[in-house]
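Below: one structure, written as structure tokens.
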2 protein chains.
Amino acid sequence: MLAANSRQSEHPPVDASDETRARLVEAAGEVFARRGYRSATIRDICIRAQANVAAIHYHFGDKEALYNHVLRDSLKTALKQYPPSAGLSDGANARERLRAFIRSLLFRTLDDGPAACHGQLMLREMAEPSPALDELVRQGIRPLYELLGSIVRDLYIEYSDGRPPAPRAVRRCAQSVIGQCIYHRLARPVLERLLPDLKYNKNEVAELAEHIAEFSIAGIAHCARIARRTRR
Amino acid sequence: MLAANSRQSEHPPVDASDETRARLVEAAGEVFARRGYRSATIRDICIRAQANVAAIHYHFGDKEALYNHVLRDSLKTALKQYPPSAGLSDGANARERLRAFIRSLLFRTLDDGPAACHGQLMLREMAEPSPALDELVRQGIRPLYELLGSIVRDLYIEYSDGRPPAPRAVRRCAQSVIGQCIYHRLARPVLERLLPDLKYNKNEVAELAEHIAEFSIAGIAHCARIARRTRR
DNA sequence: AACCGTTTCAAACAAGCGTTTTATCTCCGA
DNA sequence: TCGGAGATAAAACGCTTGTTTGAAACGGTT
């Protein structure tokens, strides 16, 4: 398993211009997303990538290393395509920043285009964490979580007359926001069975984002006002 | 696969008082929840149930049939333990009914006690639907979804001056509620890494339910008031 | 005690899997 | 032209898996 392999000094040849390698990562992303880590077979991946089964060992070492590459790669791609503060002017207020955060999170997790397996991969990581989740949280999720926390805190302060909010209250409101967004990726199979004419095109997702933003702002404002009353 | 097996007239001997069968279902629930359908091995299940590997073929037919039994069984158990209208008096108003719904949903999905694998199994079904999901939605999820829909509709009407609400608006609010609840089961691995001192004991879950209810009532009220303004 | 349907058991089977091996191909510099 | 490193290919290996087999154990009835 962990025995140093004898052929190369390092698993990934740092050489650039590696066509097969890129094809493998892309194909693996689709297969891992569709079937899950365990059910995905390297044979299936290699057929899609038009490569030999041995190519995975040659380029990545083993299946798990390939999976880690795919996970990192898909997160980077998704964050580049849907940055968390997309289309936001510099002096945007908390409400606008929350809207932008929600919109980008929704688009990022619901995107189903080819090679956009990020949402499904993340979902699987949460349903069944792999050793790669630790790094994923540290480098990908924690920054987003803290960004949302600061947005919610600003909103919260706004509605509680400048009083510093309890971290626990802010955290719960932030979780309410994320929950509403991620739900649509998670429950998609159920919602499709419940509402057969369900669609997630660009317009629908944008409207959904608007709803979640309105719903959440009202919720945060309400929680802040309660806090103002009870703390006085 | 589907060939009629030649030994018995029917796979499940309808005989009651079958001890091994019950042990198998219980052990299988734990293993399927922990490892997932694919990664769970019938050998592991049978060791935990102190049974022979052939027992699964004898009692259920095959692995998939066992899984379907486990799924149905865990849903039934969870709904019995946490009924969606627990502790609700007959003339309860919409706010109280929403609170009860949220509380029971949270407890049902977050319960981790032995043989309470319902939450994790459902999560896995949503991350990777199996053929059993269709029936699960029809018999388990749809009734809950419709119950929540009627509660939200009542609340909505209350805040929009008796005007009949748009089904789409009600649906979105209901999804916002469910999303906030299910999130905590889904994101548990992430939240544990983000907030190392996270606990989900009875008190915490009850407080969480209270937060989600307050947050949601404010959100629904806000959406209803917007509708009242724009429809006039 | 003999019988018979039900249940359990140890062992084997066949398929699929990740991985490894060994050989071949492809360039490019000497 | 040769040599050799990088990359690909086909085949096989060893292991785990779900399933099946055929016999043994059990328990009640005649």
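The values are calculated or read from the model by the stated rules, or taken from the named source; none is laboratory data. As the structure is a prediction and not an experimental result, all values here were calculated from the model. Cβ sites come from the backbone with ideal geometry, for glycine too, and all protein chains shown count toward neighbours. Quick note on the areas: whole protein, heavy atoms, side chains included, nothing else; ligands and nucleic acids left out. Shrake-Rupley method; radii C 1.70, N 1.55, O 1.52, S 1.80 Å.
Spacing of the modelled spin labels on B:ASP161 and B:SER39, each 7 Å from Cα toward Cβ, amounts to 5.6 nm. If R0 is 30 Å, the Cβ-Cβ spacing of B:LYS199 and B:ALA115 corresponds to a FRET efficiency of close to 0.90.
Which residues, if any, in the range B:209-226 have at least 40 Å² less accessible area in the whole protein complex than in the isolated chain, probe 1.4 Å? Checking the loss per residue gives B:HIS211, B:GLU214, B:PHE215, B:ALA218, B:HIS222. Rolling a 1.4 Å probe over the protein heavy atoms leaves A:PHE101 with an accessible area of roughly 10 Å². Shown for the range A:115-149: residues covered by the partner protein chains by 40 Å² or more of accessible area relative to the chain by itself (probe radius 1.4 Å), namely A:ARG124, A:MET126, A:ALA127, A:GLU128, A:VAL137, A:ARG142, A:TYR145. Taking the C-alpha atoms only, the angle from helix B:118-127 to the longest principal axis of chain B is near 80 degrees.
Calculated mean residue ellipticity at 222 nm for chain B: -22500 deg cm²/dmol, from DSSP H runs with n ≥ 4 weighted as -39500 (n - 2.57), summed, divided by the residue count and rounded to 500.
List the distances, in nm and shortest first, from the label point of A:ASP90 to the matching label points in every other copy, placing each point 7 Å from Cα along the Cα-to-Cβ direction. Relative to the other copies, A:ASP90 has label-point distances of 6.7 nm.
Burial of accessible area (probe 1.4 Å, heavy atoms of protein chains only) in the range B:170-194, relative to its chain alone, reaches at least 50 Å² for B:ARG172, B:GLN175, B:SER176, B:TYR183, B:LEU186, B:VAL190, B:ARG193, B:LEU194. Measuring nothing but how far apart in sequence close Cα pairs (under 8 Å, 6+ apart) lie, relative to its length, chain A scores a relative contact order of 20 percent. Excluding ligands, DNA and RNA and using a 1.4 Å probe, chains B and A jointly bury around 4800 Å² of accessible surface, summed across both partners. For A:ARG35, the label point sits 7 Å beyond Cα toward Cβ; its separations from the matching points on the remaining copies run 1.9 nm, from shortest to longest. In the assembly of identical copies, A:GLU207 has its label point, taken 7 Å from Cα in the direction of the beta carbon, separated from the corresponding points by 3.9 nm (ascending, one decimal). Computed from point charges on the beta carbon alone (+1 for Lys and Arg, -1 for Asp and Glu), the dipole magnitude for the range A:19-72 about its Cα centre is near 140 Debye.
Annotation: peptides A:171-180, B:117-126, A:90-99, A:56-65, ranked by per-residue average of other Cβ atoms within 10 Å with the highest first, follow the order A:171-180, B:117-126, A:56-65, A:90-99. In the complete set of protein chains, residue-level accessible area for A:GLU26 is approximately 100 Å², probe 1.4 angstrom. Accessible area ranking (1.4 Å probe, heavy atoms, ligands and nucleic acids excluded), largest first, for A:LYS76, A:LYS202: A:LYS202, A:LYS76. Placing B:THR20, A:THR77 in order of accessible area, with the largest value first and a 1.4 Å probe, yields A:THR77, B:THR20.
Split the accessible area of the protein assembly as shown by element, probe 1.4 Å, and carbon with sulfur accounts for 51%.
State in Å² the accessible area per residue of chain A; use a 1.4 Å probe, count heavy atoms of protein chains only, and round to the nearest integer.
For chain A, the per-residue accessible area is 50 Å².
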